[in-house]
Amino acid sequence: MLRTLAVATLMLTALMGADWTRFRGPGGSGVSAEKGLPTTWSATENVVWKTKMPGFGASSPITLGDNIFLTCYSGYGVDADEPGDMENLKHHMLCIDRKSGKIIWDAPSKALLPEKEYSGMMKLHGYASSTPVTDGKNVYAFFGRSGVRAYTIDGKKLWTTEVGTRLHGWGSSNSPILADNLVIVNASIESSSLVALNKATGEEVWRAEEIDASWSTPLLVELPDGKKELAVSIRNKVLGFDPATGKKLWECESVQDYVCPILIANGDIIYASGGRRPLTIAVRAGGRGDVTETHRLWAVKTATKVPSLLYNDGLLHWVNEKGYAVCLSAADGEVIYKDRLSIEGRGDRVYASAVLADGKIYIVSRTGGTIVLAAGKELKELARNDLGDESVFNGTPVISNGQLLLRSDEYLYCIGKK
């Protein structure tokens, strides 16, 4: 009887689909085991609902059961021609009903000022670029110099902790992750630090210094013996830490600058990419000291500068900011294909990271719609989809319950069968 109940529970969980509780879903991989996802859609086809947001943003939604959580900002920097008064800048944490798209609650907070002026690179993504994370009880969000904030599932603010007050012309973007009872955030821009906070109280537990020029979300890696290490990509290096104490364990030569893509892993092998001088590397976790000669498996001079990588079936995939679709062998870095996709728009075409499910790779461009590619060693385009939305799509898509959640500056869309 118990075995039958357990099997039924597993089947129901698989049918409902796993929650997407952090940036790029389980483990930050961007890969889902769900099947039956839509390949095509338009403004009138396969749109379950469309919801106007109370503000702009470049972060991604996350899901927890019937709830979607999403950040945005309002009051300043929503109009490139007339940005308004910075004194009115607010951050928002939203909860949205998964089935209807209705906003359940909106928790606004006044930004800690001064913020970076809305000009230059700030116009590309604004003031809400970090994706929240949930442990199933509370939701945690990072708003740069305004700090890390915790909310209950029903919208009550629990605490706010500042992790640094410096600013940068590119703004802030790193998303928080969870490790046991800790919220860990890469505050490279705000204080050149990697900071771990007690998720119940917001109190600082540890801080690692010299986290240089990094817009990359940290990664938890499980070693063959079951222990975990915390890795982060910074200028010139990938670093490994003990996630419980913040003790530095190892370092490996890596991307020289413009460190934006998050690390991904297959087992204990970590893949890093980025830089104006493109570089992608593979390094095995678990070493000590400088592991460049002992644990770095390969390095190739091709990369993605903004969007992150995908690992699938021995292959690394990405579509970079210029629209080049690239596939590498994860074993040795050999380039299997590299070809530029035709994507409308000026400047950088893609900021969102690709996601993968059911043999399909979904690439959301900034203004040219969504391209669907077949996963594999051959570059094969399956579909192009346009929602007729002239706002900018910077958010990485979410895979949830056989549907896709797509976020533009102004709207959140649920794509799939009703």
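The values are calculated or read from the model by the stated rules, or taken from the named source; none is laboratory data. Note that this is a predicted model, so its numbers are computed, not measured. Heads up, the Cβs are rebuilt from the backbone with ideal geometry, glycines too, and the neighbour counts pull from every protein chain shown.
Observations on the model:
- Picking from residues in segment 38-56 that are among the small types (Gly, Ala, Ser) and under 30 Å from Met93 (Cβ atoms), the one that is surrounded by the most Cβ atoms within 10 Å (Cβ to Cβ) is Gly55.
- Pairs, first in contact (Cβ under 8 Å) with a residue 40 or more places away in the chain and not assigned by TED's automatic domain parsing to the domain that holds Gly314 in segment 376-389, second surrounded by fewer than 16 Cβ atoms within 10 Å (Cβ to Cβ) and not basic (Lys, Arg), C-beta under 6 Å, six or more apart: none
- Residue in segment 92-100 that is in contact (Cβ under 8 Å) with a residue 60 or more places away in the chain, more than 16 Å from Val398 (Cα to Cα) and in contact with a Ser or Thr (Cβ under 9 Å, 6 or more places away or on another chain) present: yes
- Selection within segment 113-161 - among the hydroxyl-bearing types (Ser, Thr, Tyr) and either surrounded by 19 or more Cβ atoms within 10 Å (Cβ to Cβ) or in contact (Cβ under 8 Å) with a residue 40 or more places away in the chain (or both): Tyr118, Tyr127, Ser129, Ser130, Thr131, Thr134, Tyr140, Ser146, Tyr151, Thr160, Thr161
- Within segment 382-402, considering residues that are assigned to a loop (DSSP other than H, G, I, E, B) and β-branched (Val, Ile, Thr), the one modelled with the highest pLDDT: Thr396
- Selection within segment 144-179: residues that are of a type in the set (Lys, Arg) and in a loop (DSSP other than H, G, I, E, B). The member of this set that is nearest to the chain's Cα centre (by Cα) is Arg166.
- Per-region count, segment 72-125, residues out of contact with any helix residue (DSSP H, G or I) (no Cβ under 8 Å at 6 or more places or on another chain), among the hydrophobic types (A, V, I, L, M, F, W, C) and modelled with pLDDT under 95: 4
Results for (1) assigned by TED's automatic domain parsing to the domain that holds Ala383; (2) modelled with pLDDT of 95 or more; (3) farther than 23 Å from Ser175 by Cβ, shown as yes or no for each residue.
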{"position": "Thr4", "(1), (2), (3)": "yes, no, yes"}
{"position": "Thr9", "(1), (2), (3)": "yes, no, yes"}
{"position": "Ala18", "(1), (2), (3)": "yes, no, no"}
{"position": "Phe23", "(1), (2), (3)": "yes, yes, no"}
{"position": "Lys35", "(1), (2), (3)": "yes, no, yes"}
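- Residues that are touching a residue at least 60 places away in the same chain (Cβ under 8 Å) and farther than 21 Å from Val195 by Cα within segment 244-285 comprise Ala265, Asn266, Ile269, listed in sequence order.
- When the test is whether a residue is among the hydrophobic types (A, V, I, L, M, F, W, C) and either in a loop (DSSP other than H, G, I, E, B) or in contact (Cβ under 8 Å) with a residue 60 or more places away in the chain (or both), Leu220 passes it.
- Test result for Ala200, over 24 Å from Ile269 (Cβ atoms) and assigned to a loop (DSSP other than H, G, I, E, B): yes
- Check on Thr367, out of contact with any Pro (no Cβ under 7 Å at 6 or more places or on another chain), assigned to a loop (DSSP other than H, G, I, E, B), closer than 19 Å to Arg98 by Cβ and of a type in the set (Val, Ile, Thr): no
- Scanning segment 140-164 for residues that are among the β-branched types (Val, Ile, Thr), under 16 Å from His91 (Cα atoms) and touching a Leu at 6+ places or on another chain (Cβ under 8 Å) yields Val148, Thr161.
The rows are residues; the columns are (1) part of a strand (DSSP E or B); (2) among the aliphatic types (A, V, I, L, M); (3) in contact with a strand residue (DSSP E or B) (Cβ under 7 Å, 6 or more places away or on another chain); (4) crowded, with 16+ Cβ neighbours inside 10 Å.
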| site | (1), (2), (3), (4) |
| --- | --- |
| Val326 | yes, yes, yes, yes |
| Asp332 | no, no, yes, no |
| Lys338 | yes, no, yes, no |
| Ile361 | yes, yes, yes, yes |
| Ile371 | yes, yes, yes, yes |
| Glu378 | no, no, no, no |
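- Lys35 being in contact (Cβ under 8 Å) with a residue 24 or more places away in the chain, assigned to a strand (DSSP E or B) and surrounded by fewer than 22 Cβ atoms within 10 Å (Cβ to Cβ): no
Conditions (1) basic (Lys, Arg); (2) part of a strand (DSSP E or B); (3) in the same structural domain as Val148 (by TED's automatic domain parsing); (4) touching a His at 6+ places or on another chain (Cβ under 7 Å), marked per residue:
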position	(1), (2), (3), (4)
Trp206	no, yes, yes, no
Leu230	no, yes, no, no
Ala265	no, yes, no, no
Ala272	no, yes, no, no
Ile281	no, yes, no, no
Gly287	no, no, no, yes
Leu297	no, yes, no, no
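- Out of Val350, Val335, sole residue that is in contact with a Cys (Cβ under 9 Å, 6 or more places away or on another chain) and touching a residue at least 24 places away in the same chain (Cβ under 8 Å): Val335
- In segment 80-103, the residues that are surrounded by 16 or more Cβ atoms within 10 Å (Cβ to Cβ) and either in a loop (DSSP other than H, G, I, E, B) or of a type in the set (Lys, Arg) (or both): Pro83, Leu89, Lys90, Arg98, Gly101
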